[in-house]
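Comments concern the structure below.
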Amino acid sequence: MSPRSASVNEELRRRSRERLLQATVELVAERGYEATTLADIADRAGSARGLISYYFPGKRQLFQSAVHRLMHRTLAAALEREPATEDGRELMARAIDAILGLTVESPVLMRAHMAGILQAEGFVQCSEQQRLAGLLRETVERYGSADPDTDYPMLRALLMGAVFAALMPGAPMPLPRLRAELFDRYGLDWESGSAVWARPDQGTPAAPTAVVTAGRRARPDPDGRPRVRSRRA
(Lines give C-alpha, C1' and ligand atoms only; values in the text may rest on other atoms or scores of the structure.)
Protein backbone atom coordinates (compact mmCIF):
# COMPACT_ATOMS: atom_id res chain seq x y z
CA MET A 1 0.00 0.00 0.00
CA SER A 2 1.43 3.33 -1.02
CA PRO A 3 1.59 6.08 1.63
CA ARG A 4 -1.09 8.76 1.61
CA SER A 5 -0.23 12.00 -0.10
CA ALA A 6 0.28 15.21 1.86
CA SER A 7 -2.99 16.60 0.51
CA VAL A 8 -4.92 13.53 1.67
CA ASN A 9 -3.39 13.75 5.14
CA GLU A 10 -4.24 17.45 5.32
CA GLU A 11 -7.85 16.75 4.39
CA LEU A 12 -8.11 14.03 7.02
CA ARG A 13 -6.75 16.40 9.66
CA ARG A 14 -9.21 19.08 8.57
CA ARG A 15 -12.14 16.69 8.88
CA SER A 16 -10.97 15.47 12.25
CA ARG A 17 -10.73 19.03 13.54
CA GLU A 18 -14.16 19.87 12.13
CA ARG A 19 -15.70 16.88 13.94
CA LEU A 20 -14.21 18.04 17.23
CA LEU A 21 -15.55 21.56 16.77
CA GLN A 22 -19.02 20.31 15.85
CA ALA A 23 -19.10 17.86 18.77
CA THR A 24 -18.15 20.67 21.13
CA VAL A 25 -21.03 22.97 20.18
CA GLU A 26 -23.50 20.08 20.26
CA LEU A 27 -22.47 18.89 23.72
CA VAL A 28 -22.18 22.31 25.35
CA ALA A 29 -25.59 23.26 23.95
CA GLU A 30 -27.03 20.07 25.45
CA ARG A 31 -25.21 19.92 28.81
CA GLY A 32 -23.51 23.25 29.45
CA TYR A 33 -19.80 24.03 29.46
CA GLU A 34 -18.83 22.70 32.89
CA ALA A 35 -20.65 19.39 32.39
CA THR A 36 -18.94 18.75 29.06
CA THR A 37 -15.56 17.02 29.26
CA LEU A 38 -12.85 16.63 26.66
CA ALA A 39 -13.44 12.88 26.82
CA ASP A 40 -17.12 13.48 25.99
CA ILE A 41 -16.14 15.62 23.02
CA ALA A 42 -13.66 13.08 21.71
CA ASP A 43 -16.22 10.31 22.07
CA ARG A 44 -18.93 12.29 20.23
CA ALA A 45 -16.46 13.17 17.46
CA GLY A 46 -15.23 9.61 17.15
CA SER A 47 -11.65 10.72 17.85
CA ALA A 48 -8.94 9.75 20.28
CA ARG A 49 -8.82 11.88 23.45
CA GLY A 50 -5.19 12.82 22.80
CA LEU A 51 -6.03 14.21 19.37
CA ILE A 52 -7.69 17.25 20.96
CA SER A 53 -4.39 18.46 22.39
CA TYR A 54 -2.85 18.17 18.92
CA TYR A 55 -5.20 20.90 17.68
CA PHE A 56 -6.06 22.91 20.80
CA PRO A 57 -4.13 23.92 23.97
CA GLY A 58 -7.14 23.21 26.18
CA LYS A 59 -10.88 23.03 26.61
CA ARG A 60 -11.46 26.79 26.67
CA GLN A 61 -9.58 27.31 23.40
CA LEU A 62 -11.45 24.42 21.79
CA PHE A 63 -14.78 25.82 22.94
CA GLN A 64 -14.16 29.38 21.75
CA SER A 65 -12.95 28.11 18.38
CA ALA A 66 -16.08 25.97 18.11
CA VAL A 67 -18.39 28.90 18.85
CA HIS A 68 -16.52 31.21 16.47
CA ARG A 69 -16.90 28.54 13.79
CA LEU A 70 -20.65 28.39 14.44
CA MET A 71 -20.86 32.18 14.31
CA HIS A 72 -18.95 32.61 11.06
CA ARG A 73 -20.87 29.77 9.37
CA THR A 74 -24.19 31.25 10.54
CA LEU A 75 -23.13 34.71 9.37
CA ALA A 76 -21.92 33.44 5.99
CA ALA A 77 -25.20 31.60 5.39
CA ALA A 78 -27.19 34.74 6.25
CA LEU A 79 -25.15 36.98 3.95
CA GLU A 80 -25.34 34.53 1.05
CA ARG A 81 -28.97 33.44 1.36
CA GLU A 82 -31.47 33.98 -1.43
CA PRO A 83 -32.40 36.41 -2.74
CA ALA A 84 -28.77 37.41 -3.25
CA THR A 85 -28.08 41.10 -2.74
CA GLU A 86 -25.34 43.69 -2.97
CA ASP A 87 -27.31 46.19 -0.88
CA GLY A 88 -25.00 47.12 1.98
CA ARG A 89 -27.85 48.06 4.32
CA GLU A 90 -29.57 44.72 3.78
CA LEU A 91 -26.30 42.89 4.37
CA MET A 92 -25.78 44.80 7.62
CA ALA A 93 -29.31 43.85 8.71
CA ARG A 94 -28.65 40.20 7.91
CA ALA A 95 -25.39 40.27 9.86
CA ILE A 96 -27.03 41.75 12.95
CA ASP A 97 -29.89 39.27 12.79
CA ALA A 98 -27.54 36.32 12.31
CA ILE A 99 -25.50 37.06 15.42
CA LEU A 100 -28.42 38.07 17.63
CA GLY A 101 -30.38 35.06 16.41
CA LEU A 102 -27.84 32.73 17.99
CA THR A 103 -29.06 33.87 21.40
CA VAL A 104 -32.46 32.43 20.45
CA GLU A 105 -31.17 29.25 18.82
CA SER A 106 -28.31 28.44 21.23
CA PRO A 107 -28.69 30.41 24.48
CA VAL A 108 -26.73 27.96 26.65
CA LEU A 109 -23.87 27.94 24.17
CA MET A 110 -23.71 31.71 23.74
CA ARG A 111 -23.97 32.39 27.48
CA ALA A 112 -21.03 30.06 28.11
CA HIS A 113 -19.10 31.76 25.31
CA MET A 114 -19.61 35.24 26.76
CA ALA A 115 -18.69 34.01 30.24
CA GLY A 116 -15.48 32.50 28.90
CA ILE A 117 -14.43 35.71 27.18
CA LEU A 118 -14.78 37.59 30.48
CA GLN A 119 -12.54 35.12 32.33
CA ALA A 120 -8.78 35.37 32.73
CA GLU A 121 -8.02 33.50 29.50
CA GLY A 122 -9.81 36.24 27.59
CA PHE A 123 -10.49 36.34 23.89
CA VAL A 124 -8.97 33.49 21.89
CA GLN A 125 -7.41 34.45 18.57
CA CYS A 126 -7.81 31.52 16.18
CA SER A 127 -8.52 30.80 12.52
CA GLU A 128 -12.25 30.53 13.21
CA GLN A 129 -12.30 33.92 14.91
CA GLN A 130 -10.34 35.40 12.00
CA ARG A 131 -12.94 34.12 9.53
CA LEU A 132 -15.70 35.69 11.61
CA ALA A 133 -13.78 38.97 11.82
CA GLY A 134 -13.22 38.94 8.06
CA LEU A 135 -16.93 38.54 7.35
CA LEU A 136 -17.92 41.31 9.76
CA ARG A 137 -15.30 43.66 8.37
CA GLU A 138 -16.43 42.90 4.81
CA THR A 139 -20.01 43.63 5.86
CA VAL A 140 -18.94 47.03 7.25
CA GLU A 141 -17.11 47.82 4.02
CA ARG A 142 -20.08 46.80 1.84
CA TYR A 143 -22.33 48.88 4.08
CA GLY A 144 -20.26 51.83 2.89
CA SER A 145 -17.97 52.61 5.82
CA ALA A 146 -15.33 55.21 5.08
CA ASP A 147 -13.24 53.97 8.02
CA PRO A 148 -13.53 50.16 8.43
CA ASP A 149 -10.63 50.08 10.89
CA THR A 150 -12.77 52.05 13.32
CA ASP A 151 -16.25 50.89 12.34
CA TYR A 152 -15.56 47.14 12.37
CA PRO A 153 -14.44 47.03 16.04
CA MET A 154 -17.46 49.16 16.95
CA LEU A 155 -19.86 46.77 15.21
CA ARG A 156 -18.19 43.83 16.95
CA ALA A 157 -18.47 45.56 20.33
CA LEU A 158 -22.13 46.44 19.78
CA LEU A 159 -23.02 42.89 18.79
CA MET A 160 -21.17 41.41 21.76
CA GLY A 161 -22.86 43.88 24.08
CA ALA A 162 -26.29 43.05 22.68
CA VAL A 163 -25.70 39.30 23.04
CA PHE A 164 -24.55 39.81 26.64
CA ALA A 165 -27.57 41.97 27.43
CA ALA A 166 -30.00 39.46 25.90
CA LEU A 167 -28.54 36.57 27.93
CA MET A 168 -27.85 38.27 31.26
CA PRO A 169 -29.21 35.92 33.95
CA GLY A 170 -32.07 37.45 35.86
CA ALA A 171 -32.21 40.69 33.89
CA PRO A 172 -32.24 39.98 30.14
CA MET A 173 -33.19 42.75 27.74
CA PRO A 174 -35.82 41.94 25.09
CA LEU A 175 -34.08 40.93 21.89
CA PRO A 176 -36.43 42.96 19.63
CA ARG A 177 -35.52 46.09 21.60
CA LEU A 178 -31.80 45.40 21.21
CA ARG A 179 -32.30 44.78 17.51
CA ALA A 180 -34.25 48.02 17.18
CA GLU A 181 -31.42 50.02 18.74
CA LEU A 182 -28.84 48.49 16.39
CA PHE A 183 -31.08 49.00 13.37
CA ASP A 184 -31.63 52.61 14.39
CA ARG A 185 -27.90 53.21 14.75
CA TYR A 186 -27.22 51.92 11.24
CA GLY A 187 -30.33 53.44 9.64
CA LEU A 188 -31.87 50.06 8.74
CA ASP A 189 -35.53 49.39 8.06
CA TRP A 190 -37.27 47.03 10.47
CA GLU A 191 -38.39 44.59 7.76
CA SER A 192 -34.81 44.14 6.51
CA GLY A 193 -32.76 41.14 7.52
CA SER A 194 -34.22 37.79 8.50
CA ALA A 195 -35.24 37.85 12.16
CA VAL A 196 -38.47 35.86 12.50
CA TRP A 197 -38.06 36.10 16.28
CA ALA A 198 -38.27 39.91 16.09
CA ARG A 199 -41.73 40.03 14.55
CA PRO A 200 -44.70 40.78 16.82
CA ASP A 201 -46.44 37.55 15.75
CA GLN A 202 -43.34 35.42 16.45
CA GLY A 203 -43.11 33.94 13.00
CA THR A 204 -46.51 33.84 11.31
CA PRO A 205 -46.64 35.79 8.03
CA ALA A 206 -47.40 39.45 8.54
CA ALA A 207 -47.17 42.75 6.75
CA PRO A 208 -43.89 44.66 7.18
CA THR A 209 -43.67 46.51 10.48
CA ALA A 210 -41.50 49.36 9.28
CA VAL A 211 -42.74 52.29 7.25
CA VAL A 212 -40.58 55.12 5.96
CA THR A 213 -42.48 58.32 5.43
CA ALA A 214 -41.51 61.99 5.53
CA GLY A 215 -38.14 61.16 7.09
CA ARG A 216 -39.67 59.13 9.93
CA ARG A 217 -39.54 55.39 10.46
CA ALA A 218 -41.84 53.05 12.34
CA ARG A 219 -39.98 50.87 14.78
CA PRO A 220 -41.15 48.58 17.56
CA ASP A 221 -41.60 49.09 21.23
CA PRO A 222 -39.91 46.47 23.43
CA ASP A 223 -43.03 44.29 23.11
CA GLY A 224 -42.71 44.26 19.31
CA ARG A 225 -45.42 46.74 18.34
CA PRO A 226 -44.29 49.39 15.86
CA ARG A 227 -43.95 52.99 16.91
CA VAL A 228 -42.71 56.05 15.08
CA ARG A 229 -39.39 57.63 15.82
CA SER A 230 -37.52 60.30 13.93
CA ARG A 231 -34.59 59.06 11.92
CA ARG A 232 -31.26 60.26 13.22
CA ALA A 233 -29.29 62.64 11.06
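The values are calculated or read from the model by the stated rules, or taken from the named source; none is laboratory data. Bear in mind that the values here come from a model prediction, so they are computed numbers and not experimental data. Neighbour counts run over all protein chains shown; Cβ positions are idealised from the backbone, glycine included. Surface areas here come from the heavy atoms of the whole protein model, side chains and all, with no ligands, DNA or RNA. Shrake-Rupley method; radii C 1.70, N 1.55, O 1.52, S 1.80 Å.
Filter the stretch 19-49 down to the residues that are open to solvent by 50 Å² or more (accessible area, probe 1.4 Å) and not small (G, A, S) and list them by number.
R19, Q22, E26, E30, R31, E34, T37, D43, R44, R49
If I go through the stretch 121-169 residue by residue, how many of them are more than 12 Å from H68 (Cβ to Cβ) and touching a His at 6+ places or on another chain (Cβ under 9 Å)?
1
Which of the numbered conditions does R216 fail, given that it passes all the others? Conditions: (1) modelled with pLDDT under 50; (2) touching a Lys or Arg at 6+ places or on another chain (Cβ under 7 Å); (3) open to solvent by less than 50 Å² (accessible area, probe 1.4 Å).
Among (1) modelled with pLDDT under 50; (2) touching a Lys or Arg at 6+ places or on another chain (Cβ under 7 Å); (3) open to solvent by less than 50 Å² (accessible area, probe 1.4 Å), the lone unmet condition for R216 is (3).
On the given criteria, is T150 free of Cβ contacts under 8 Å to residues at least 12 places away in the same chain, in a helix (DSSP H, G or I), more than 30 Å from A35 (Cβ to Cβ) and among the hydroxyl-bearing types (S, T, Y)? Don't jump to the end; show me each part of the working.
Details: free of Cβ contacts under 8 Å to residues at least 12 places away in the same chain: yes; in a helix (DSSP H, G or I): yes; more than 30 Å from A35 (Cβ to Cβ): yes; among the hydroxyl-bearing types (S, T, Y): yes.
Criteria met by T150.
In the list S65, S47, S53, which residue meets the criterion of being in contact with a Leu (Cβ under 9 Å, 6 or more places away or on another chain) and in a loop (DSSP other than H, G, I, E, B)? Spell out how you get there, then give the answer.
Details: S65 fails: in a loop (DSSP other than H, G, I, E, B); S53 fails: in a loop (DSSP other than H, G, I, E, B).
After ruling out the rest, the residue left standing is S47.
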